[in-house]
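The values are calculated or read from the model by the stated rules, or taken from the named source; none is laboratory data. Quick caveat, the model's predicted, so the values are computed rather than measured. Don't worry about glycine lacking a Cβ; one is built from the backbone with ideal geometry, like all the others, and counts go over all protein chains shown.
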Amino acid sequence: MQLRIFFKTYPETSKCPSCGKIGTIRRSRAKTIFESAVKASRIANLYKCKECGWRGMLKKYMMNKYSLITLAFYFVLIISVAYVISQVLKRNFGS
Ligand SMILES: [Zn+2]
């Protein structure tokens with residue numbers, strides 16, 4: 001079982017979404033306010049392909065198909081821990 005929900009991606013080493021070549025993607029400067037906002041959010045970054053000229057945003061983090069299961073697992077864990085704590089508190093300090 002995996003314990004991580006988000007995985008860092010490395011767009012610099014991944015395939016270009018346009019021409020499919022590997023290792024041609026480089027970071028690009030933000031040109032509009034929207035692009036600057038995206039960059040500032042640290043969720044995605046701007047990239048440019050030096051091979052075909054493609055320019056766009058790529059996410060820096062991704063989730064895989066087990067992420068939701070992990071998320072659900074953490075949720076159940078938190079709920080049960082909260083329940084146990086509330087029961088212990090009731091038993092010891094409740095009237
Ligand atoms: Zn390309």
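Quick check, is Glu51 within 16 Å of the ligand (Cβ to nearest atom), touching a Lys or Arg at 6+ places or on another chain (Cβ under 8 Å), assigned to a loop (DSSP other than H, G, I, E, B) and not polar (S, T, N, Q)? Yes: the conditions hold for Glu51. The residues listed here are Thr13, Thr32; of these, the one that is modelled with pLDDT of 90 or more and polar (S, T, N, Q) is Thr32. Every condition in (1) more than 18 Å from Met63 (Cα to Cα); (2) away from the ligand (no atom under 14 Å from the Cβ) is met by Lys8 except one, and the failing one is (1).
When residues in region 55-85 are screened for being modelled with pLDDT under 95, surrounded by 10 or more Cβ atoms within 10 Å (Cβ to Cβ) and either assigned to a loop (DSSP other than H, G, I, E, B) or over 26 Å from the mean Cα position of the chain (by Cα) (or both), 4 of them pass.
One residue stands out among those in region 24-48 that are in contact with a helix residue (DSSP H, G or I) (Cβ under 9 Å, 6 or more places away or on another chain) and in a loop (DSSP other than H, G, I, E, B): the one that is farthest from the ligand (Cβ to nearest atom), which is Ala30.
Would it be correct to say that Arg4 is within 20 Å of the chain's Cα centre (by Cα), assigned to a loop (DSSP other than H, G, I, E, B) and modelled with pLDDT of 85 or more?
It is true that Arg4 is within 20 Å of the chain's Cα centre (by Cα), assigned to a loop (DSSP other than H, G, I, E, B) and modelled with pLDDT of 85 or more.
From the list Lys31, Lys21, Lys39, the lone residue that is more than 30 Å from Ala72 (Cβ to Cβ) and surrounded by fewer than 12 Cβ atoms within 10 Å (Cβ to Cβ) is Lys31.
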